[in-house]
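The values are calculated or read from the model by the stated rules, or taken from the named source; none is laboratory data. Everything numeric here is computed off the predicted structure, so don't read it as measured data. FYI the Cβ positions are ideal-geometry reconstructions off the backbone, even for glycines, and counts take in every protein chain you see. For accessibility, only protein heavy atoms count, side chains too; no ligands or nucleic acids. Shrake-Rupley method; radii C 1.70, N 1.55, O 1.52, S 1.80 Å.
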Amino acid sequence: VFSSHLLLKNPRNQLELYCVDIDISEQQANTEALYASELRYRQLVEQLNEAIFLTDSHGHLTFLNLAWWSLCGHSPEQSLNEPLANFLLAEDAAELRQHSDDILQNKIPRWVAEYRLRCANGAYRWVELQLAKDDETGGLRGSLSDIHLKHQHQELIDARNAVLDELQARLPLQQILSGIANRLEDLCTHLHVSIMLLQASGRLKVATAPSLPEAYRQAAYNIPDE
């Protein structure tokens with residue numbers, strides 16, 4: 001119960017205690033049920049593989065589940081209050097800001113697109129972003145799904161086809177090898193690729209190493225094939 005007590009004086013100038021008790025059992029039960037429901041919802045959100053987020057009306061993150069950490073390596077605590085666009089590559093961020101404004105101004109109901117998410121290790125991952133207005137807060141709500149493997153597979157196919165086209169066009173070998181190395185480094189940004197050719201003398205020669213220093217070329221020159 002909710003109990004209220006009040007001291008008043010009666011006509012004989014005597015103090016009297018008045019007590020009002022209100023039965024709030026139903027209200028308490030509803031509150032507990034709501035809390036349990038919110039707890040189950042939060043636990044469900046934390047178990048999702050998709051990164052779930054909320055932003056305020058300025059695009060600053062106000063909520064993130066743990067999948068965000070797994071997806072990009074940034075902890076949710078350190079990412080909160082930061083603009084979501086700051087975690088995307090520049091050209092993707094500009095497009096996201098434009099469509100976020102369109103959603104907030106009710107020009108479009110929602111937005112779905114594929115963007116490159118900046119990771120804590122300096123690399124990026126392709127994600128599918130779904131975005132809509134959150135009527136309760138006046139901000140935005142959405143999710144990020146990992147589609148990097150799909151993009152990487154397509155990029156590998158495109159790179160292979162490009163090499164086949166260059167071979168068919170009989171381009172110089174040096175140009176073909178340089179193209180292979182550059183494409184591999186674009187696909188896997190943590191790699192430094194070099195391609196070596198075996199000479200008639202039985203020694204190796206660096207044919208291309210686009211991101212490795214000249215000192216590497218000098219050190220690797222004429223290494224015996226052992």
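List the residue pairs whose Cβ atoms are under 6 Å apart, where the first residue sits in the range 24-36 and is at pLDDT 75 or above, the second is open to solvent by 80 Å² or more (accessible area, probe 1.4 Å), and the two are 6 or more positions apart or on different chains.
Close Cβ pairs (under 6 Å, with a partner that is open to solvent by 80 Å² or more (accessible area, probe 1.4 Å)) amount to Ile24/Phe2.
Residue-wise test of (1) assigned to a strand (DSSP E or B); (2) surrounded by 15 or more Cβ atoms within 10 Å (Cβ to Cβ); (3) modelled with pLDDT of 90 or more; (4) of a type in the set (A, V, I, L, M).
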{"position": "Ser178", "(1), (2), (3), (4)": "no, yes, yes, no"}
{"position": "Ala181", "(1), (2), (3), (4)": "no, yes, yes, yes"}
{"position": "His190", "(1), (2), (3), (4)": "no, no, no, no"}
{"position": "Val206", "(1), (2), (3), (4)": "yes, yes, no, yes"}
{"position": "Ser211", "(1), (2), (3), (4)": "no, no, no, no"}
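Hey, Val127 hits all of (1) open to solvent by 30 Å² or more (accessible area, probe 1.4 Å); (2) of a type in the set (Val, Ile, Thr); (3) not in a loop (DSSP other than H, G, I, E, B) but one; which does it fall short on?
Checking Val127 against (1) open to solvent by 30 Å² or more (accessible area, probe 1.4 Å); (2) of a type in the set (Val, Ile, Thr); (3) not in a loop (DSSP other than H, G, I, E, B), the one that fails is (1).
For the condition modelled with pLDDT of 95 or more and charged (D, E, K, R), what is the one hit in Glu82, Glu77, Glu136? Write out each step before concluding.
Details: Glu77 fails: modelled with pLDDT of 95 or more; Glu136 fails: modelled with pLDDT of 95 or more.
The conditions single out Glu82.
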